[in-house]
Amino acid sequence: MKLATLRTDGATKAVRLDGDVLIDLGVPDVGTLLGRDDWAGHAAAATAGNSATYPAGGAEYAPVVPQPSKVICVGLNYRTHITEMGRDLPEHPTLFAKFADSLIGAGDDILRPDETEQFDWEVELAVVIGKRVRRARGEEAEQAIAGFTVLNDITCRDWQFRTREWLQGKMWDSSTPVGPFLVTPDELPGGVRPALDVRLTVDGEVMQSDTTADLLFDPVALVEYVSTITRLNPGDIIATGTPGGVGHARKPGRYLLGGESVVAEIDRLGRLENRVVKEKSA
């Protein structure tokens with residue numbers, strides 16, 4: 001299944017993609033849907049005959065989960081990116097967080113703050129959690145994965161590296177596109193450990209191109225690790241890290257100045273297409 005949170009008539013609705021239509025699932029967003037124990041059966045049972053429908057063409061999507069209880073991000077998880085940043089392979093996942101205020105929809109503008117001079121891109125495979133788990137292992141960790149989506153972990157590098165902690169470079173308001181769809185593992189090669197091509201372009205120029213097969217810590221391993229530390233709730237997001245090709249690692253560095261079109265896409269999951277817009281400080 002492909003699920004999304006649609007914006008329509010000043011509200012949002014959880015929908016399932018069925019051909020060229022979106023079928024209303026009767027709840028306001030995908031996060032609310034995932035809070036149901038029977039979310040998969042409920043979503044699958046909705047049909048054009050018994051639910052409202054909307055055209056998929058021209059649809060406007062909110063973040064696939066607008067208000068996750070947590071967004072956990074993983075740094076340095078592709079071998080290509082670790083190498084380009086001049087680091088050793090980590091023994092454990094490198095974790096940081098984002099907040100719901102950072103998230104925007106698949107076609108929304110990315111706000112570039114005045115306060116940064118090093119605004120960078122990072123296309124990522126994101127895991128969406130479908131059931132509450134703590135200290136999950138093996139099959140339980142696999143079953144906790146509702147599906148996958150695309151996330152662009154936009155980063156203010158100059159703020160990120162002010163200290164050894166990265167949070168201040170990662171959590172800027174209205175900076176992180178996520179969506180458009182949650183795609184369930186049964187639709188993907190590799191299932192809960194999908195092997196998918198990942199790309200990012202800036203104004204049509206390819207900046208990142210890799211495969212999720214290069215991940216050092218796969219999605220199931222990340223669910224196990226993160227759930228050891230904290231409970232994972234339905235709708236929570238784990239961003240699994242970015243491949244090589246970020247602007248900061250280039251010589252000289254390349255950054256988003258404002259006005260660019262950034263497209264982050266993962267095969268079978270969809271694409272984020274966002275324009276970078278300068279945000280004026282108050």
If His248 passes every condition in (1) out of contact with any helix residue (DSSP H, G or I) (no Cβ under 6 Å at 6 or more places or on another chain); (2) crowded, with 18+ Cβ neighbours inside 10 Å but one, which one does it miss? (1)
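Being modelled with pLDDT of 95 or more, acidic (Asp, Glu), closer than 19 Å to Arg271 by Cβ and assigned by TED's automatic domain parsing to the domain that holds Leu151 is true for just one of Asp101, Asp108. Which residue is that?
Numbers: Asp101 fails: closer than 19 Å to Arg271 by Cβ.
Selected residue: Asp108, the only one of Asp101, Asp108 that is modelled with pLDDT of 95 or more, acidic (Asp, Glu), closer than 19 Å to Arg271 by Cβ and assigned by TED's automatic domain parsing to the domain that holds Leu151.
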Given the criteria crowded, with 18+ Cβ neighbours inside 10 Å, closer than 29 Å to Gln208 by Cβ and of a type in the set (D, E, K, R), does Lys13 qualify? no
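So that you can scan it fast, the table gives a plain yes or no per residue for (1) farther than 21 Å from Met85 by Cβ; (2) assigned by TED's automatic domain parsing to the domain that holds Arg157; (3) in a loop (DSSP other than H, G, I, E, B); (4) modelled with pLDDT under 95:
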| position | (1), (2), (3), (4) |
| --- | --- |
| Ser227 | yes, yes, no, no |
| Gly235 | yes, yes, yes, no |
| Gly253 | no, yes, yes, no |
| Gly258 | yes, yes, yes, no |
Name the single residue, out of those in segment 154-177 being touching a helix residue (DSSP H, G or I) at 6+ places or on another chain (Cβ under 9 Å) and closer than 21 Å to Asn233 by Cα, that is surrounded by the fewest Cβ atoms within 10 Å (Cβ to Cβ). Met171
Restricting the search to segment 33-49, which residues are surrounded by 21 or more Cβ atoms within 10 Å (Cβ to Cβ) and out of contact with any helix residue (DSSP H, G or I) (no Cβ under 9 Å at 6 or more places or on another chain)? Leu34
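The values are calculated or read from the model by the stated rules, or taken from the named source; none is laboratory data. The structure displayed is predicted, hence computed values, not measured ones. For neighbour counting, all protein chains shown are included, and Cβ atoms are generated from backbone atoms with ideal geometry for every residue, glycine included.
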